[in-house]
Amino acid sequence: MGKASLKVTFCGIEFENPFCLSSSPVGNHAEMCARAFDAGWGGIVYKTLNVDERFKVIMPSPRLNSYNYNGNKFVGLQNAEQISDRTLAENLKDIAELKKNYSTKVLISSIMGFNDDDWAILARESEKAGADMLELNFSCPQMARKDAGHRIGQNYEAVEHFTKIVKENCNLPIIAKMTPNITDMLPVALAAKRGGADAISAINTIRAITDIDIDSLTPMPMIHGKSGITGFSGPAAKPIGMRFVSELYNDKGLNLPISAIGGIETWRDALHFILLGGMNIQVTTAIMRYGYRIIEDMKEGLLDYMNDRDIETIEQICGKAAEKLVDPSEFDIRYQVVSVIDEEKCIGCGQCYISCQDAANQAIIFDLETRKATVDEKRCVGCTLCKHVCPVWDCITYRTVDTLITPHAGRL
């Protein structure tokens, strides 16, 4: 038996595992959240609350569109979802019920106000209901108001101010949720820190267009003849999420724990975000497709990985990959590689030849009689395009050449 443990401490609160539902339709009321806790999730970020006397949420319909590509279905999901359309009283009652029935589980209340009083009320009432933490939603990309969501999340002064208001009105740890719909997330995160944030969560969904109905000439999802640029999530968003999480982790001026979000479907996805600095993991889109049951694979896979490598805690590996990121100007360009094709694995499709001829350095030789590809090492520059277009796993690898390349001025 291995010694690995999935327990993590985040903002002083212990989670039995780092996996949480992110604030979204997957955690919309007590009955749903209870099933998620029973399935094994360590925590829940409850769907965002607001002071409903100020703004009555009415959801657009239909509001979802899956992004399908090259025969693969649901590689991403566009949504026009808004914050909770239930009353504040109903949501607070559910939070209290959940904490009564699941006292060892972590429940985070996501809140969104429109002025100082809203943020203060939501903070106080969430704490009174028993929430363990607060997540401040500065990032929803389709809120039907101009004084909320990602519009506020792009305003450094507003983020700092509202974070400070919340901090003054409760004693709970505060997570500020960042929008990716901005060039540089760090200034906003630093503003949240100045306001008193104890942690950062990233990313929320990315403003996007996923498809167009070419008969009606209308983008999707089509809402009574119109559409909009709204939030995109799922596996296709993961590379962008990893970029932002790693930048937050590596900034020494920020130095706050990170709750990582962005296209996480498997334990490997979760591990990637942990290695880039996430001490806590949030999931939505994968649950929307596969259900709460994915937590079983996530926990088992991550535990097996840790036990196989004698890793006892998640803290031991958190950020280890982020630490190896450097600016491209610092890449070691003294050593070069050349591609190597395994003749036995080669199926003679010729894709490597076509791609190298038309988009690389014309270094692949293709024998029409044997239908085998080989590499002209004198022409190969080690871009590895051939490796990535090859349909056979590990048919094309690469090796380092012996010759050292001497860097010179002007080399890119």
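Each value in this text was obtained by applying a stated rule to the coordinates, not by laboratory testing. Remember, it's a predicted structure, so these values are computed and weren't measured experimentally. Ideal geometry is used to build each Cβ from the backbone, glycine not excepted, and the neighbour counts take in all protein chains shown.
Restricting the calculation to Cα atoms, the stretch 335-383 shows an Rg/Rh of 0.95 when the hydrodynamic-style radius is the Kirkwood one. Excluding same-chain neighbours fewer than eight residues apart, the aspartates and glutamates reachable from LYS226 by a Cα-Cα span under 19 Å are GLU81, ASP211, ASP213, ASP215. Helix 88-101 against the longest principal axis of the chain: what's the angle in degrees, Cα atoms only, rounded to the nearest 10? The angle comes out at about 80 degrees.
For a 20 Å ceiling on Cα separation, which of these pairs sit above it: LYS93/LYS128; LYS47/LYS177; LYS193/LYS252; LYS7/LYS238? From the list (LYS93/LYS128; LYS47/LYS177; LYS193/LYS252; LYS7/LYS238), the Cα-Cα distance tops 20 Å for LYS7/LYS238. May I ask you to list the aspartates and glutamates whose Cα is less than 18 Å away from that of LYS105, ignoring any residue fewer than eight positions away on the same chain? The reachable aspartates and glutamates, counting only those whose Cα sits under 18 Å from LYS105, are GLU14, GLU16, GLU31, ASP38, ASP94, GLU97, GLU127, ASP132, GLU135, GLU296.
Note the listed values [x] -0.30, -0.51; [y] -0.25, -0.44; [z] -0.49, -0.83, then indicate which one is log10 I(q)/I(0) by the Debye sum over Cα atoms at q = 0.06, 0.08 Å⁻¹ calculated from this particular structure. This structure yields the entry labelled [x]. Between the amide H of GLN336 and those of VAL401, ILE405, distances stay under 5 Å, these residues lying 5 or more places away or on another chain, with hydrogens modeled in the peptide plane. Cβ-to-Cβ counts within 10 Å put MET32, MET222, MET143, MET178 in ascending order as MET222, MET32, MET143, MET178, the fewest first.
First check a/c for the stretch 213-301, with a ≥ b ≥ c the square roots of the eigenvalues of its C-alpha gyration tensor; if it is under 1.5, answer rounded, and if not, answer prolate when a/b is larger than b/c or oblate otherwise. Oblate, since a/c reaches 1.5 and b/c is not below a/b. So what's the back-of-envelope 222 nm ellipticity for the chain, counting only DSSP H runs of four-plus at -39500 (n - 2.57) apiece and dividing by all residues, rounded to 500? Estimated from H runs of four or more residues: -8500 deg cm²/dmol. Cα centroid separation, the stretch 325-344 to the stretch 90-164: 46 Å. Annotation note: GluC sites (Glu not before Pro) in the stretch 320-390 located in DSSP loop regions with a Cβ neighbour count of at most 15 within 10 Å are GLU343, GLU344, GLU369, GLU377.
Structural descriptor for the chain: relative contact order 14 percent, calculated from alpha carbon pairs under 8 angstrom and at least 6 residues apart. For the stretch 288-386, applying the loop criterion from DSSP together with a ceiling of 14 other beta carbons within 10 Å to the trypsin sites (Lys or Arg not before Pro) yields ARG293, ARG309, LYS320, ARG334, LYS345, ARG371, LYS378, ARG379.
Per-residue 3J(HN,Hα) values for the stretch 153-166, derived from phi via the Karplus relation 6.51 cos²θ - 1.76 cosθ + 1.60 with θ = phi - 60°, read x, 9, 9, 4, 5, 5, 4, 4, 5, 5, 4, 5, 4, 5 Hz in sequence order (x marks Gly and Pro).
Using the alpha-carbon positions of the stretch 191-241, Rg (one decimal) and Dmax (whole number) come out as 16.2, 51 Å. Using DSSP to define loop residues, name the trypsin sites (Lys or Arg not before Pro) in the stretch 45-76 whose beta-carbon has at most 11 other beta-carbon atoms within 10 Å. The qualifying sites are LYS56.
Between rounded, prolate and oblate, where does the stretch 311-400 land on the alpha carbon gyration tensor, with a ≥ b ≥ c its root eigenvalues, rounded for a/c under 1.5, else prolate if a/b exceeds b/c? Here the stretch 311-400 falls in the prolate category. For the chain, the longest piece that avoids every one of the chymotrypsin sites (Phe, Trp or Tyr not before Pro) found in DSSP loops with at most 10 other C-beta atoms within 10 Å covers 1-330. Computed from backbone phi with θ = phi - 60° and the Karplus coefficients 6.51, -1.76 and 1.60, the 3J(HN,Hα) list for the stretch 108-125 is 10, 8, 8, 10, 8, x, 10, 7, 4, 4, 4, 4, 5, 4, 4, 5, 5, 5 Hz; x is used for glycine and proline.
Ranked by how many other Cβ atoms sit within 10 Å of their own Cβ, fewest first, the residues GLU265, GLU157, GLU14 fall in the order GLU157, GLU14, GLU265.
Here LYS378 is the anchor, and the lysines within straight C-alpha reach of less than 26 Å, apart from those fewer than 8 places off in the same chain, are LYS345, LYS387.
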